[in-house]
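The values are calculated or read from the model by the stated rules, or taken from the named source; none is laboratory data. The model shown is predicted, which means the values in this text are computed figures rather than measured ones. For neighbour counting, all protein chains shown are included, and Cβ atoms are generated from backbone atoms with ideal geometry for every residue, glycine included. Accessible surface is based on the protein model in full, side chains and every heavy atom, while ligands, DNA and RNA are left aside. Shrake-Rupley method; radii C 1.70, N 1.55, O 1.52, S 1.80 Å.
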Amino acid sequence: MLRALGLALLLAGCATLPPLDAGTLGRLERELGQLLLVGFDGTEGPENSSLDQLVCETRVGGVLLFGRNVVDDGQVRRLTEWIRARASACQAPTPLLAMDAEGGRVMRLSPQAGYTTTPSAQELAQANDLALTELEARRVGRMLREAGITWDLAPVVDVGYNPANTVIVGAGRSYGANPLVVAAHARAFIRGLHAEGVLTALKHFPGHGSSFADSHQGFVDVTQTADRDIELVPYRMLIADRIVDAVMTAHVFDRRLDPRYPATLSRPTITDLLRRDVGWQGTVVSDDLRMGAIEQHYGVAEAAVLALEAGVDVLLIAEDRLPDGRSAAAVARTAIRAALAEGRLAPERVMDALAHVAALKRRAWQLPRE
């Protein structure tokens, strides 16, 4: 009865739900950290109190590593092994260990840390050899697996049809302006990573390839440049192939989709377009909630609740430490709990998100491992 009522109110756009009983709130509260994928500072686990808090107190569903966390191959293996061991010791769920490893410029296991150079999406598309793309993806996947990473936030499936786009096209992160070529190379990249036991994520839904601005820096309006007939093609094709693990959102604003919120916070974009129209029923992960496009306008607490309401399952926070010293993950978790307790967030939506996270973790164990 509660599920039916909650869903009905959500569909009606209602802001207030019936009060949540203490028992349900208590059960959900312990699991809320599973909805968070969080980055941290430091290169070692022992004596890293902020990392320990994320794993054992906040009980995050995923830990995100950046170049700042990587010194060399031996160090990063020690770090990922420590995170898993610490989760086991404090009886927390084992987190997914994630990283951006697109190849080219966006490669956290970089030559600066002693790793071999990897080609960008643009370079692979120019070679136009799908076998090469899959082989390079296997090489990336092997690097990640040996480092202890289970989830690669790649490939980029943004269709790069705006040559003036700097964040995707100019950085060599797109497979090109032809959506069929993008889909073909993304498919090969996913197969290569899966062969090495690494999860993937298509990004950035519903498309960042048409923009003139960078959502890392601030507000990005694609109302006049977005073309869903082009940009959704890779998503539709790859989802139909049943090889997709997760989809990452973009922080772009398209007034034709939602006159109020950018995609990450937009129910018409995530629930209506991605889930109902495109047909994706699996895990949706946000892009970084601390990017300028989100943090400057909403803050982490409000953005966390809005993203969940929109249909996002995993809230990505690239840097846990806020300017005032607080943990952004703890702030987000507290905001979600308050929204549940006050009837501003349906428990069914949170339960669905938790179910998607659990399914993604199961999928990680089902991938092949040598």
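The GluC sites (Glu not before Pro) found in the stretch 39-138 that occupy coil by DSSP, while having at most 14 further C-beta atoms within 10 Å, are GLU44, GLU47.
Of the beta bridges in the chain, as assigned by DSSP with both residues counted there, near 10 percent are antiparallel.
In the stretch 257-363, the portion of solvent-accessible area held by carbon and sulfur atoms comes to 52 percent [1.4 Å probe, whole percent, DNA, RNA and ligands not counted]. Our coupling estimate for the stretch 293-298, obtained by passing each phi through the Karplus curve with A = 6.51, B = -1.76, C = 1.60 and θ = phi - 60°, is 4, 9, 5, 5, 10, 10 Hz, Gly and Pro reported as x. The apolar share of the surface of the stretch 112-189, taken as the fraction of accessible area on carbon and sulfur atoms (1.4 Å probe, ligands and nucleic acids excluded), comes to 55 percent. Accessible surface for ARG326 stands near 130 Å², nearest 10, in the context of the full protein assembly shown (1.4 Å probe).
Compute the relative contact order of the stretch 58-171 as a whole-number percentage, counting only Cα pairs closer than 8 Å that sit 6 or more residues apart in sequence. Here the relative contact order equals 29 percent. Amide hydrogen proximity for VAL38: with H placed 1.01 Å from N in the peptide plane, the residues at 5 or more positions away or on another chain lying under 5 Å are GLY62, VAL63, LEU64, ILE317. Taking amide H atoms as placed 1.01 Å from N in the peptide plane, the amide H of ASP100 lies under 5 Å from those of ARG108, LEU153, each 5 or more residues away in sequence or on another chain.
For the stretch 19-159, the Stokes-Einstein estimate of translational diffusion at 25 °C and a viscosity of 0.890 mPa s comes to 149 µm²/s, using the Kirkwood hydrodynamic radius over alpha-carbon pairs. Calculated accessible area for the chain comes out at 39 Å² per residue, all protein chains present (probe 1.4 Å; ligands, DNA, RNA ignored). Comparing LEU340, LEU322, LEU354 in a Gaussian network model of the chain, where Cα atoms under 10 Å apart are tied by springs, the biggest mean-square fluctuation is seen for LEU322. Normalising the average separation of contacting C-alpha pairs (under 8 angstrom, six or more residues apart) by the number of residues puts the relative contact order of the stretch 235-306 at 32 percent.
Rolling a 1.4 Å probe over the protein heavy atoms leaves ARG290 with an accessible area of roughly 40 Å². In this view, the solvent-accessible surface of SER266, computed with a 1.4 Å probe and all protein chains in place, comes to about 0 Å².
Along its first, second and third principal axes, ordered by size, the stretch 88-218 spans 50, 37, 28 Å in Cα coordinates.
The mean sequence separation of alpha-carbon pairs under 8 Å and at least six residues apart, normalised by the residue count of the chain, gives a relative contact order of 18 percent. Considering only VAL71, VAL156, VAL305, the Gaussian network model of the chain with Cα springs below 10 Å gives its largest mean-square fluctuation to VAL71. Summing charges over all other residues whose Cβ lies under 13 Å from the Cβ of TYR161, with Lys and Arg as +1 and Asp and Glu as -1, gives -3. The stretch 283-351 and the stretch 112-145 have Cα centres spaced 33 Å apart.
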